[in-house]
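Since the structure comes first, as structure tokens, the remarks are kept for the end.
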Amino acid sequence: MDQLLRAAKPADSTLLVIDVTGCPGAGSSTLAAALAARFGVVARVPGREPDGDPPDLLIRTIGAQVREADRTAIGSVDIPVVVVAGKADTRPDAARLADVAGRELGRPVVTVSGLLAAAHLDEDDLGVLRAWSAAGVAVPTSAAEFAALGDEGRPTSAAEQQIRARFIAGIGRAGLVAALRVVGETPDLSAAAVTAALRSMSGVDALVAPIAASAEQIARGRRARRLSGLRLHAARGFDREAVESRLILESVR
């Protein structure tokens with residue numbers, strides 16, 4: 001993670017700015033939130049937030065297969081691109097699909113579960129998990145069935161349905177199965193420790209290396225944008241002497 005934080009400030013004190021895009025349903029919003037929470041970077045889905053600093057890097061989130069829109073998005077930018085196969089927790093063959101996508105695109109594809117990367121369990125959640133684990137609650141393949149029915153096939157109470165639905169929405173079926181396993185194996189873990197365990201399963205830390213590897217390109221891009229902005233100011237006559245002095249300093253860096 002330190003590598004990513006160093007990459008986030010390649011030439012100045014501004015945080016790394018990551019645009020996260022993808023076709024509808026690919027999980028871009030969830031991944032953007034996870035990146036911001038995990039690494040403290042500016043991660044955003046273009047068009048859903050006010051414009052800020054130009055992006056340093058693009059993360060393209062793809063689904064089970066590469067689409068033409070993905071190829072277009074990757075090929076249309078002049079900043080570093082990292083490709084992520086999102087919603088990895090929902091696909092048993094996520095690694096194989098990512099390998100196929102990587103061969104199609106000619107670049108690595110990282111599998112990440114945005115839900116697990118953004119997981120956050122509190123002590124109340126932990127209490128529920130411990131109770132379910134002690135009671136031997138099983139999680140069926142169908143998330144809807146888990147929310148609506150108890151272990152003996154009888155409808156659960158409205159309150160219990162809400163709790164179950166909240167867990168499914170928050171960490172997904174795979175996350176819930178993993179959380180119950182972790183709590184069952186080590187009941188005295190704190191909520192923070194269980195959260196950390198889920199995040200470690202998400203694959204999000206595998207993004208550190210490719211992002212850090214882009215640090216030099218990010219620094220060059222920032223410098224080019226600074227020079228372009230300074231030249232524009234000089235051309236418009238704003239503080240021309242000071243701007244030209246800054247241009248000279250930038251040019252010899």
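Ranked by how many other Cβ atoms sit within 10 Å of their own Cβ, fewest first, the residues Ser76, Ser29, Ser200 fall in the order Ser76, Ser200, Ser29. Between Thr111 and Ala85, the built amide H atoms are under 5 Å apart, and every one of these is 5 or more places off in sequence or on another chain.
Around the amide H of Ala213, modelled in the peptide plane, lies no amide H under 5 Å away from a residue 5 or more places distant or on another chain. Rounded if a/c is under 1.5, else prolate if a/b beats b/c, else oblate: with a ≥ b ≥ c from the C-alpha gyration tensor eigenvalues square-rooted, which is region 4-124? Oblate, since a/c reaches 1.5 and b/c is not below a/b. In this structure the amide hydrogen of Leu121, modeled in the peptide plane, comes within under 5 Å of the amide hydrogens of Thr195, none closer than 5 places in sequence on its chain.
Bear in mind that the values in this text are calculations on the coordinates, not laboratory data. Note that the coordinates shown come from a computational prediction; the quantities given were computed from them, not determined experimentally. Virtual Cβ from ideal backbone geometry, glycine too; neighbours counted across all protein chains shown.
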